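The values are calculated or read from the model by the stated rules, or taken from the named source; none is laboratory data. The structure displayed is predicted, hence computed values, not measured ones. As a convention, Cβ positions derive from the backbone with ideal geometry for all residues, glycine included, and neighbour counts pool all protein chains shown.
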């Protein structure tokens, strides 16, 4: 049986890498994008919970809650943070929205969360 020359079979190494490299890079970017979104989602949830807990404490106003939520979001590196506080006297709802710093544009660069807490009785 004659020896088989491995360079004669299939595509050359450079063609294989030319085909596979974009796929490998796309997968890496998608993994980084998903990880960034998950970290941002966790941070925005923490910001909403912190704001709601601060607003639920007797004697604290909406400014205290807004400041606490903004601090948490800014420390996490979120941009364009908006905080909306709804207080009906018995419970408080804090909604936080922000933009992430991401590699790729799209829907995964926005995160939002809300948290509800019962107010302390007076």
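Structural remarks
- Being surrounded by 13 or more Cβ atoms within 10 Å (Cβ to Cβ) and assigned to a helix (DSSP H, G or I) is a property that holds for residue 37.
- Any hit, segment 112-120, residues being under 26 Å from residue 32 (Cβ atoms) and under 12 Å from the mean Cα position of the chain (by Cα): yes
- Residue within segment 95-109 that is touching a helix residue (DSSP H, G or I) at 6+ places or on another chain (Cβ under 6 Å), part of a strand (DSSP E or B), surrounded by 18 or more Cβ atoms within 10 Å (Cβ to Cβ) and modelled with pLDDT of 85 or more present: yes
- Of the residues making up segment 81-89, at least one is out of contact with any helix residue (DSSP H, G or I) (no Cβ under 6 Å at 6 or more places or on another chain), within 13 Å of residue 117 (Cα to Cα) and either part of a loop (DSSP other than H, G, I, E, B) or touching a residue at least 40 places away in the same chain (Cβ under 8 Å) (or both).
- All conditions in (1) within 30 Å of residue 28 (Cβ to Cβ); (2) at pLDDT 90 or above; (3) touching a helix residue (DSSP H, G or I) at 6+ places or on another chain (Cβ under 8 Å) hold for residue 48, with the sole exception of (1).
- Look at (1) touching a strand residue (DSSP E or B) at 6+ places or on another chain (Cβ under 8 Å); (2) surrounded by fewer than 16 Cβ atoms within 10 Å (Cβ to Cβ); (3) not in a strand (DSSP E or B) and you find that residue 45 fails only one, number (2).
- Taken together, the residues in segment 50-94 that are at positive phi and surrounded by fewer than 13 Cβ atoms within 10 Å (Cβ to Cβ) amount to 3.
- Boolean, residue 28 is farther than 19 Å from residue 120 by Cα, surrounded by 11 or more Cβ atoms within 10 Å (Cβ to Cβ) and at pLDDT 90 or above: yes
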